[in-house]
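Participant: Dumping the structure here so I can ask a few things about it.
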Amino acid sequence: MSDKIKKIGVIGAGQMGSGIAHVCALSGRAVYMLDVSEDALKRGMQTIEHGMSRQVERDLISADDMKNALPLIQTGTDYAGMKDCDLVIEAATEDEEVKKAILRSLADHLGENTIIATNTSSISITRLAAQTDRPERFVGMHFMNPVPRMDLVELIRGIATNEETFAMIRELATDLGKKPVNAEDFPAFIVNRILLPMINEAIYTLYEGVGSVDAIDTAMRLGTRHPMGPLELADFIGLDTCLSIMHVLHDGLSDSKYRPCPLLVKYVEAGWLGRKTGRGFYDYSTDTPVPTR
């Protein structure tokens, strides 16, 4: 069934959107990547080219694979480019109002049978689907970051998602070299329902002075064999994204255990969002990241 999906639109050229475009193009599918500015699209294409070059260096793909894939990606700032897409994947910032506005504006630019997927990491699929003219052809398709390297895709049905749509997207995920796992439409799904409270607790551990940034991350790397400490991981995800997911959990489940740590709130208010801004729980202005606390 997924062979019916020949062209894929991707909304967002950031970390997630460019990664999704990357793997879709390597699967031999045409891609239209959209963002609000040409600068964002240029950065997105540079990220894709750099990522594919590294895959070639590591013998994960061939030089011909890269040569064939890159021309399949077209970019633009106009929704009109989505008109002949069989699937559109929304990969904008993790902000419900932003996503809803994008989804409301899509309908006039899509073919009658186009499927819409959202890469949200936490927001209700049913609520987002309700913003579209096709909730039965709407599904959650949550890729992990970095998309080219991570095997998992969480697939989430909204209450109206039909079985044909879900089966087609599950088959597509496999075609993209991913391992799909079904998750129910509850706040933050599976991975972030478990991961983000752990990160939030690590921030509380720092906030309460139980350990320093270095002590907390070293303890978790060595004590639990995590490849990355929770504060380093928070910086990698983006502290604004971490805070957004904690708000979704706290608001959606009404349980005080999901209350975002005040220190996380303070860092986001300061604009210290992690790697993407050069400063979070670590300072990235030098070759070796330095803890900020």
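Participant: Can you tell me how many residues in region 85-105 are in contact with a strand residue (DSSP E or B) (Cβ under 9 Å, 6 or more places away or on another chain) and without any contact (Cβ under 8 Å) to a residue 40 or more places away in the chain?
Facilitator: Qualifying residue count, region 85-105: 2.
Participant: Sticking with this one: Scan 39, 35 and give me the residue that is crowded, with 21+ Cβ neighbours inside 10 Å and of a type in the set (Asp, Glu).
Facilitator: 35
Participant: Also: Scan region 1-32 for residues that are assigned to a loop (DSSP other than H, G, I, E, B) and within 13 Å of the chain's Cα centre (by Cα) and jot them down.
Facilitator: 12, 13, 14
Participant: For region 97-117, name all the residues that are over 20 Å from the mean Cα position of the chain (by Cα) and outside any helix (DSSP H, G or I).
Facilitator: 110, 111, 112, 113, 114
Participant: Tell me which residues, restricted to region 227-252, are farther than 22 Å from residue 125 by Cα, in a helix (DSSP H, G or I) and out of contact with any strand residue (DSSP E or B) (no Cβ under 6 Å at 6 or more places or on another chain).
Facilitator: 230, 231, 232, 233, 234, 236
Participant: Need a quick list: helices (runs of 4 or more DSSP H) entirely within region 118-226 having at least 2 residues that are in contact (Cβ under 8 Å) with a residue 60 or more places away in the chain. Can you show your working first?
Facilitator: On the way: elements: 125-129, 163-175, 191-207, 213-224.
So the answer is 163-175, 191-207, 213-224.
Participant: I'd like to know if region 64-84 contains one or more residues that are in contact with a strand residue (DSSP E or B) (Cβ under 8 Å, 6 or more places away or on another chain), outside any strand (DSSP E or B) and closer than 30 Å to residue 234 by Cβ.
Facilitator: no
Any read-out appearing in this document is the output of simple, stated calculations on the displayed coordinates, not a laboratory observation. What you are looking at is a predicted structure, and each value in this text was computed from that prediction instead of being measured. Because the Cβ atoms are built from the backbone with ideal geometry, glycine has one as well, and the counts that use them run over all protein chains shown.
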